[in-house]
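The values are calculated or read from the model by the stated rules, or taken from the named source; none is laboratory data. Here the structure is a predicted model, which means the values were calculated and not measured. Every residue, glycine among them, receives a Cβ derived from its backbone with ideal geometry; neighbour counts consider all protein chains shown. Side chains included, ligands, DNA and RNA excluded: accessible areas come from the protein's heavy atoms. Shrake-Rupley method; radii C 1.70, N 1.55, O 1.52, S 1.80 Å.
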Amino acid sequence: MKAYEKLLLENKAWAQEMTESDPDFFKRLTNIQKPDFLWIGCSDSRVPADQITGTQPGEIFVQRNIANMVVHTDLNLLSVLEYAVLHLEVKHVIVCGHYGCGGIKAALSHHNMGILNKWLRNIKDVYRLHQEELENIPEEDKRVDRMVELNVEEQVMNLAKTSIIQAAWKHHHRPTLHGWVYGLNNGILKTISRIEPGTRLDHIYEYDDL
Ligand code: CO
């Protein structure tokens, strides 16, 4: 059997199992999705949003990219964010990084990664903001892990800087923004930051005509 054929076979078994344990499962999900959460995570295959949070299909709207970035020119991210906040009316947006992130490691290196350089540049910019703290950490692994935390915190702030989030805060008093980091070695999610609706930002980022 080819590797990909196993996936199709496993899918059949899964669909049958779900139907057996809950005959209306697919019927319920066919016509509506009303998730409370938007998850912005790393593409890393070891950090599956639903499995590590024990959530079922229909419960989390998911966007993943290298190193869980919120880049203000990323049309994909912004479309997902606007759809989730405006139309699905999610109550929480979670940015989830993970320790030992390859994207963060690559950004802290000096390798030319071709097209990836352009993505990793956004991470290098975060590094520069926190250069002093990071360069005082002698062990490379610890420096990477601290950078993972600082990057998550920064990406949560990038969410708050969007007019999408600011308008939703003003008119609907949601969503709450969360920054979490996942431990590959123990499976535990750690809270890094949280920004409640209505929190004031650095004034230069605030829109007053939303
Ligand atoms: Co990663």
Practice task
Over the chain, give the accessible area per residue in Å² for a 1.4 Å probe, as an integer.
Solution key: 61
Completion exercise
Hull surface over four for the Cα convex hull of the range 77-200, reported in nm², is 8.6
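Given a 1.4 angstrom probe, I'd like the percentage of the accessible area of the chain that is carbon and sulfur, rounded to a whole number. It would help to have the intermediate numbers written out before the result.
Details: 6730 of 12710 Å².
Looking at the chain in its full context, I get 53 percent from C and S.
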Practice task
Mind giving me the nanometre distance, one decimal, between the label points for Lys124 and Lys190, set 7 Å out from Cα along Cα→Cβ?
Solution key: 2.7
Problem - Alpha-carbon centroids, the range 143-210 and the range 23-53: separation in whole Å - result: 21
Practice task
Please count, across the chain, the pairs of lysine residues with Cα atoms under 20 Å apart that sit 8 or more places apart or on different chains.
Solution key: 14
Problem - Accessible-area value, Lys190, 1.4 Å probe, nucleic acids and ligands omitted, Å² - result: 100
Completion exercise
Among His172, His110, His98, the residue with the largest mean-square fluctuation in a Gaussian network model of the chain built from Cα contacts under 10 Å is His110
Practice task
In a Gaussian network model over the chain where Cα atoms closer than 10 Å are linked, find which of Glu20, Glu140, Glu153 has the largest mean-square fluctuation.
Solution key: Glu20
Completion exercise
From most to least accessible, 1.4 Å probe, no ligand or DNA/RNA atoms counted, Met147, Met18, Met1, Met157 line up as Met1, Met157, Met18, Met147
Fill in the blank from the handout: For Ile104, the net charge from surrounding residues (Cβ-Cβ under 12 Å; K, R +1; D, E -1) works out to -2
Exercise for the section: State the three equivalent ellipsoid semi-axes of the chain, derived from the C-alpha gyration tensor as the square roots of 5 times its eigenvalues, in descending order and whole Å. Expected result: 31, 25, 15
Exercise for the section: Please work out the C-alpha center-to-center distance from the range 56-77 to the range 118-140 and express it in whole Å. Expected result: 22
Problem - Ranking by accessible area, most exposed first, for Thr73, Thr55 with a 1.4 Å probe - result: Thr73, Thr55
Exercise for the section: Quick one: accessible surface of Tyr83, probe radius 1.4 Å, all protein chains present, in square angstrom to the nearest 10. Expected result: 100
Practice task
Report the label-to-label distance for Leu8 and Gln56 in nanometres (one decimal), using points 7 Å from each Cα along the Cα→Cβ vector.
Solution key: 2.9
Exercise for the section: Under 12 Å from the Cβ of Tyr207, count the other residues' Cβ atoms, weight Lys and Arg +1, Asp and Glu -1, and hand me the total. Expected result: -1
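Taking a 1.4 Å probe, which of Arg200, Arg64 shows the most accessible area, and what order do the others take after it? Numbers along the way, then the final one.
Working: Arg200 170, Arg64 85 Å².
Largest to smallest exposure gives the sequence Arg200, Arg64.
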Completion exercise
Largest fluctuation, Ala13, Ala49, Ala160 only, Gaussian network model of the chain with Cα springs under 10 angstrom, belongs to Ala13
